[in-house]
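Remarks on the structure that follows.
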Amino acid sequence: MQRQTGRPPAGLLGPPRPPGSDAVWRAFGELDAQRQFSESGIPQPIQHRDVEAWCRTMRVSLHPAEIVAVLALDGERRAVEAERLAARRPRDVDLEDDDP
């Protein structure tokens, strides 16, 4: 959006990335874009093997702590998605309250 309008999207602005975290964010972004989803739309977790394949393919060496960070970002992303999906689910109707 920023490239098209020249302005950053207000709702998506957060704190600046920590210095030295570019590889982690790049890995997470690319792995997230390739992730699998269940039939009900639930994002499947990024696996260690996915990170390993990405590192090998991209010829990027991540420190073990950076891999942990990628997987932590994945956990947060999946938690946000789970909340979003839960909010869209219709609420069960309690029929017992309808009895006279």
- Is at least one residue of segment 12-23 under 13 Å from the mean Cα position of the chain (by Cα), over 15 Å from L73 (Cβ atoms), at pLDDT below 95 and not in a helix (DSSP H, G or I)? no
- Query: If you scan segment 51-86, which residues turn out to be touching a strand residue (DSSP E or B) at 6+ places or on another chain (Cβ under 6 Å) and either among the small types (G, A, S) or open to solvent by less than 50 Å² (accessible area, probe 1.4 Å) (or both)?
  - Reply: E81
- Message: Please verify whether L73 is within 14 Å of G29 (Cβ to Cβ) and over 14 Å from the mean Cα position of the chain (by Cα), treating the condition exactly as stated.
- Response: no
- Message: Looking for something in a loop (DSSP other than H, G, I, E, B), free of Cβ contacts under 8 Å to residues at least 12 places away in the same chain and surrounded by fewer than 11 Cβ atoms within 10 Å (Cβ to Cβ) - is there at least one such residue anywhere in segment 42-50?
- Response: no
- Do you know which residues across segment 30-41 are over 14 Å from the mean Cα position of the chain (by Cα) and either open to solvent by 70 Å² or more (accessible area, probe 1.4 Å) or modelled with pLDDT of 95 or more (or both)? E39, S40
- Pick from segment 67-81, criterion out of contact with any Phe, Trp or Tyr (no Cβ under 6 Å at 6 or more places or on another chain) and in contact (Cβ under 8 Å) with a residue 24 or more places away in the chain, ranking: nearest to P18 (Cα to Cα): A69
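The values are calculated or read from the model by the stated rules, or taken from the named source; none is laboratory data. Fair warning: this is a prediction, and the values are worked out from it, not measured in the lab. In this analysis, Cβ positions are derived from the backbone assuming ideal geometry, glycine residues included, and neighbour counts consider all displayed protein chains. Heads up: the accessible areas ignore ligands, DNA and RNA and are worked out on the full protein's heavy atoms, side chains in. Shrake-Rupley method; radii C 1.70, N 1.55, O 1.52, S 1.80 Å.
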